[in-house]
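The values are calculated or read from the model by the stated rules, or taken from the named source; none is laboratory data. Just so you know, these numbers come straight off a predicted model, no measurement behind them. Neighbour counts are summed over all protein chains in view; Cβ atoms, including those assigned to glycine, are modelled from backbone coordinates with ideal geometry.
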2 protein chains.
Amino acid sequence: MIYYPAMKSPTIDIKKELKQKGLRVTTPREKILSVFSAECQPMNAESIHAQLKSIDLVTIYRTLTSFEKCGILRKVDLHKDSTYYELNHHHHHIVCTSCGVIEAFESCDIKKLTQKVVLQSSRFKTIQDHSLEFFGVCKICLKG
Amino acid sequence: MIYYPAMKSPTIDIKKELKQKGLRVTTPREKILSVFSAECQPMNAESIHAQLKSIDLVTIYRTLTSFEKCGILRKVDLHKDSTYYELNHHHHHIVCTSCGVIEAFESCDIKKLTQKVVLQSSRFKTIQDHSLEFFGVCKICLKG
DNA sequence: TTTTTTGCAAAAGGTTTGCAACACG
DNA sequence: CGTGTTGCAAACCTTTTGCAAAAAA
């Protein structure tokens, strides 16, 4: 999966981050968070396991779940078969529906839209989060 | 899954719609499209099968895939375990992260944002589609 | 009649669960 | 020491594939 990030890999104090989120510091958790910190791109359980073969796949699934619950990671929907996670920064993606290349971008000014949506909604008073992904055909595929 | 639609169920000429999209008119396809037309909400293979027990689950999967390819349906990501599809109208959702209730809305003015994104992108010149879902806690859950 | 679609059985792929051994705090 | 976490095996659930029979054009 070719991926063009919107920003450089963040510097994370792994141990500190885990403690802050109320998680015990264990070797698998440190290693898995390190991978996300270094790669800064969406990853599924299998792609992490490929880099950390000594860690059981089951542990990776459990770690991803607990990281998501405590807010370290977030799920991303890229219209792929498995669940992808990434560091919980505010950014979005453009996915090429032909070759699958992904480009990230940070700017996303949908405050106004969010406000409008809340005003129109009878059941929601506030909104915590949103997912926004664009799908198109990249320049290279357009030419081919 | 409680669902509040943004619009009334559309009136669809099932046979015509199938032919228009270049699909053969078969009983399973007519029935499955009827379900979407009547319910007007996101559904997965299992929920359709629950209503159409005489149709094999495999046929439902294959039908959903072909409906998506020809543009009758689109995938929606609701952060659930299975793949949900809905009629390919332009609308979005607010999902309650506590009880799972879903509210749909139609207005979505992100043309400007889309243009901005394309201008900033070095790899994409146009964008065909976007997914936009909001996540929050509904009023009822807030009180509970 | 030719081509596509369906149903059944079986397999595949991703993810979860049970439980004993182990490690963190 | 007590509780949370890991690894292994096995189960589970959703989705896909192969193939012969049935149906559409």
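Some observations on this one:
- Single match in B:Cys141, B:Cys108 (criterion: closer than 20 Å to A:Gln120 by Cα, in contact with a His (Cβ under 6 Å, 6 or more places away or on another chain) and surrounded by fewer than 17 Cβ atoms within 10 Å (Cβ to Cβ)): B:Cys108
- Restricting A:Asp77, A:Asp129, A:Asp56, A:Asp81 to residues that are more than 7 Å from chain B (Cβ to nearest Cβ) and modelled with pLDDT under 90 narrows the list to A:Asp81.
- The number of residues in segment B:51-71 that are in contact with a helix residue (DSSP H, G or I) (Cβ under 6 Å, 6 or more places away or on another chain) and hydroxyl-bearing (Ser, Thr, Tyr) comes to 3.
- Here B:Phe67, B:Phe124, B:Phe135 are screened, and the one residue that is crowded, with 20+ Cβ neighbours inside 10 Å, facing another protein chain (nearest Cβ under 8 Å) and without any contact (Cβ under 8 Å) to a residue 60 or more places away in the chain is B:Phe124.
- Residues located in segment A:61-88, provided they are under 24 Å from B:Asp129 (Cα atoms), more than 13 Å from DNA strand D (Cβ to nearest atom) and out of contact with any strand residue (DSSP E or B) (no Cβ under 8 Å at 6 or more places or on another chain): none
- Of residues in segment A:36-58 being crowded, with 16+ Cβ neighbours inside 10 Å and within 15 Å of DNA strand D (Cβ to nearest atom), the one nearest to A:Cys70 (Cα to Cα): A:Phe36
- Of the candidates B:Ser98, B:Ser82, B:Ser66, B:Ser47, the single residue that is within 16 Å of the chain's Cα centre (by Cα), of a type outside the set (A, V, I, L, M) and within 21 Å of A:Lys75 (Cβ to Cβ) is B:Ser82.
- Test: residue in segment A:109-116 that is within 11 Å of another protein chain (Cβ to nearest Cβ), outside any loop (DSSP other than H, G, I, E, B) and not basic (Lys, Arg): yes
- Whichever residue in segment B:2-35 is surrounded by 13 or more Cβ atoms within 10 Å (Cβ to Cβ) and within 14 Å of chain A (Cβ to nearest Cβ) and, among such residues, is farthest from DNA strand C (Cβ to nearest atom): B:Ala6
- Qualifying position, being more than 26 Å from A:Val101 (Cα to Cα) and touching a residue at least 24 places away in the same chain (Cβ under 8 Å), among B:Lys53, B:Lys143, B:Lys31: B:Lys31
- All positions within segment B:11-22 that are part of a helix (DSSP H, G or I) and either more than 10 Å from DNA strand D (Cβ to nearest atom) or under 22 Å from B:His91 (Cβ atoms) (or both): B:Ile14, B:Lys16, B:Glu17, B:Gln20
- Residue in segment A:39-46 that is more than 9 Å from DNA strand C (Cβ to nearest atom) and touching a Leu at 6+ places or on another chain (Cβ under 8 Å) present: yes
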